[in-house]
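What follows draws every value from the coordinates through simple rules; no lab data is involved. This one's a predicted model, so the numbers in the text were calculated from it and none came from an experiment. Note that we place each Cβ from the backbone using ideal geometry, even for glycine, and neighbour counts take in every protein chain shown.
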């Protein structure tokens, strides 16, 4: 609930909804993913924070990012539990290791004008995201094992903005929708 400042959980069987308040005012909870251990992670787009929710108790914990001007928009969790996020304001890819509390970040190929948005992680734990600042938008890969960006590819339709991305493991493809009223598919490998 971006404008309401809550994170919600729907229990499908009972149709019960639990609302979890975010303590920071105007936090704008935005991107949300579930880690391999079952922990939901949330980007708090109106802040320089991420949040996690204990799935058993529904206790929400905020995690400050080192740069107070950061604005995380989307996030993904790799198989090792490390949380990656795109910083829309700073044009950076960041990583939080929840086990140690350490942070790292890397400037994106388009720098502070990148305006990163949609994001996905593939079966090899490579990160894929779209820079919506450049025109046309660029589809970018990042290899955490070497901390390098690769496959910087313009989106043929231009994209305007790519908001959501999903990796489909059986076909090794990332699917995404654009504000140019198109659907894209990128073959990234299994």
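In segment 1-67, Rg over Rh equals 0.97, where Rg is the alpha-carbon radius of gyration and Rh the Kirkwood radius from pairwise Cα distances. Exposure proxy ranking for 63, 168, based on other Cβ atoms within 10 angstrom of each Cβ and starting from the fewest, stands as 168, 63. Across segment 6-187, the relative contact order, built from alpha-carbon pairs under 8 Å that are at least six residues apart, equals 10 percent.
Note on 117, 85, 30: ascending count of other Cβ atoms within 10 Å places them as 30, 117, 85, the fewest first. Here segment 82-180 is treated as a sphere whose radius is the Kirkwood value from Cα pairs; by Stokes-Einstein at 20 °C and 1.002 mPa s it diffuses with a coefficient of 158 µm²/s. Put in order of Cβ neighbour count within 10 Å, fewest first, the listed residues 153, 24, 138 become 153, 24, 138. Tell me, how many Å apart are the Cα centres for segment 1-75 and for segment 116-190? Result: 23 Å between the Cα centres. Within the set [x] 37; [y] 58; [z] 49, the number that percent of Cα pairs over 24 Å apart takes when calculated for this structure is listed as [x].
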